[in-house]
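Enquirer: Take this structure first; my questions come after.
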Ligand code: ATP
Ligand code: MG
């Protein structure tokens with residue numbers, strides 16, 4: 001059976017890192033990260049990119065309709081709507097979850113995993129986070145690049161996300177914890193909700209992998 005997985009986690013909870021590891025273990029899985037899609041739009045100075053830039057800098061969520069449309073387009077473009085896929089960073093609100101459900105029809109989400117990481121761990125991690133324009137993420141402590149401040153694959157310079165400053169991080173965390181309960185209830189009512197936890201992605205990954213496998217078999 002195809003795996004249609006949503007990763008739900010605070011900023012810096014390891015969604016990107018865990019996605020990369022899951023894709024290595026499950027090669028036919030395709031991932032969509034709305035944060036990465038928006039950053040690509042910003043890079044290309046598209047109209048959506050200009051809008052996204054303003055919202056992201058403020059630590060605010062973009063409109064639900066816009067995000068749902070963007071994910072729908074991406075699923076169609078990659079022809080994976082009836083295949084296995086992983087969504088990182090979407091849906092984040094119940095309204096987005098409903099929009100997604102409507103668009104997926106018979107291919108509804110069959111696993112939602114909440115990544116439960118202590119907030120103080122998260123704040124420390126984000127301060128140490130550097131990234132490459134491809135979306136590859138490094139952590140100066142846990143997962144440093146081979147050459148300081150350079151991407152392992154391309155050798156290009158790494159940068160810190162403009163929304164990873166302490167004030168914006170606080171706002172993003174607040175929004176996340178506000179939205180968590182309602183979206184959790186929504187997916188619990190659909191019988192697909194699960195939760196994994198720990199202070200590092202090494203601890204979380206095996207739990208997540210086990211859940212993902214259980215849907216595929
Ligand atoms: P992380 O920092 O671990 O990547 P995050 O969830 O804070 O987690 P992104 O997913 O990269 O960060 O998203 C960055 C920003 O893009 C968000 O703060 C928000 O402004 C916007 N965004 C991304 N996904 C959505 C979404 N589903 N709905 C609304 N806004 C979104
Ligand atoms: Mg991310």
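The values are calculated or read from the model by the stated rules, or taken from the named source; none is laboratory data. These figures come from a predicted structure and were not determined experimentally. With ideal geometry, Cβ positions are generated from the backbone for all residues, glycine too; neighbour counts draw on all protein chains shown.
Enquirer: Check 66, 104 and return the single one that is without any contact (Cβ under 8 Å) to a residue 40 or more places away in the chain, away from ligand 2 (no atom under 16 Å from the Cβ) and surrounded by fewer than 18 Cβ atoms within 10 Å (Cβ to Cβ). Break it down stepwise before answering.
Expert: Numbers: 104 fails: without any contact (Cβ under 8 Å) to a residue 40 or more places away in the chain.
Answer to the check: 66.
Enquirer: To continue, here is another question. Condition first: more than 25 Å from residue 4 (Cβ to Cβ) and within 16 Å of the chain's Cα centre (by Cα). Now tell me which residues in the range 110-129 satisfy that. Walk me through it before giving the result.
Expert: Initially, the range 110-129 is screened for residues more than 25 Å from residue 4 (Cβ to Cβ), giving 118-129.
Matches in the range 110-129: 122, 125, 126, 129.
Enquirer: For the range 187-201, how many residues meet the condition of being in a helix (DSSP H, G or I) and at pLDDT 95 or above? Lay out the reasoning, then the answer.
Expert: As a first pass, look at the range 187-201 and keep what is in a helix (DSSP H, G or I): 187-189, 201.
Next, only the ones that are at pLDDT 95 or above stay: 187-189.
Total satisfying the criteria: 3.
Enquirer: So residue 28 fits all but one of (1) out of contact with any strand residue (DSSP E or B) (no Cβ under 6 Å at 6 or more places or on another chain); (2) crowded, with 16+ Cβ neighbours inside 10 Å; what number is the exception?
Expert: (2)
Enquirer: Right, next: Looking only at residues in the range 69-80 that are crowded, with 18+ Cβ neighbours inside 10 Å and more than 10 Å from ligand 1 (Cβ to nearest atom), which one is nearest to residue 169 (Cα to Cα)? Outline the logic, then answer.
Expert: From the range 69-80, those crowded, with 18+ Cβ neighbours inside 10 Å are 70-71, 74-75, 80; that's our starting set.
Imposing the further condition that a residue be more than 10 Å from ligand 1 (Cβ to nearest atom) reduces the set to 74-75, 80.
Details: 74: 27, 75: 29, 80: 32 Å.
The qualifying residue nearest to residue 169 (Cα to Cα) is 74.
Enquirer: Okay, moving on. I need a count of the residues in the range 171-189 that are touching a residue at least 60 places away in the same chain (Cβ under 8 Å) and either surrounded by 14 or more Cβ atoms within 10 Å (Cβ to Cβ) or over 25 Å from residue 101 (Cα atoms) (or both).
Expert: Final tally of qualifying residues: 11.
Enquirer: Which members of the range 81-92 meet the condition of being within 22 Å of residue 208 (Cβ to Cβ) and either near ligand 1 (Cβ under 9 Å from one of its atoms) or in contact with a helix residue (DSSP H, G or I) (Cβ under 9 Å, 6 or more places away or on another chain) (or both)?
Expert: Applying the first criterion (within 22 Å of residue 208 (Cβ to Cβ)) to the range 81-92 yields 83-92.
Across the range 81-92, the qualifying residues are 84, 85, 86, 87, 88, 89, 90, 91, 92.
Enquirer: Which residues, taken from the range 123-138, are touching a residue at least 24 places away in the same chain (Cβ under 8 Å), in contact with a strand residue (DSSP E or B) (Cβ under 9 Å, 6 or more places away or on another chain) and buried (at least 16 other Cβ atoms within 10 Å of the Cβ)?
Expert: Within the range 123-138, 125, 129, 130, 131, 132, 135, 137 qualify.
Enquirer: Right, something else. Before we move on, is residue 98 out of contact with any helix residue (DSSP H, G or I) (no Cβ under 6 Å at 6 or more places or on another chain), modelled with pLDDT of 95 or more, in a helix (DSSP H, G or I) and farther than 18 Å from residue 38 by Cβ? Reasoning before the result, please.
Expert: Values: out of contact with any helix residue (DSSP H, G or I) (no Cβ under 6 Å at 6 or more places or on another chain): yes; modelled with pLDDT of 95 or more: yes; in a helix (DSSP H, G or I): yes; farther than 18 Å from residue 38 by Cβ: yes.
So residue 98 fits the description; yes.
Enquirer: Where the second residue is in a helix (DSSP H, G or I) and modelled with pLDDT under 95 and the first is within 12 Å of ligand 1 (Cβ to nearest atom) and lies in the range 14-27, which pairs have Cβ atoms under 7 Å and are six or more apart or on separate chains?
Expert: Short answer, once both residue conditions are applied: 14/201; 17/201; 18/201.
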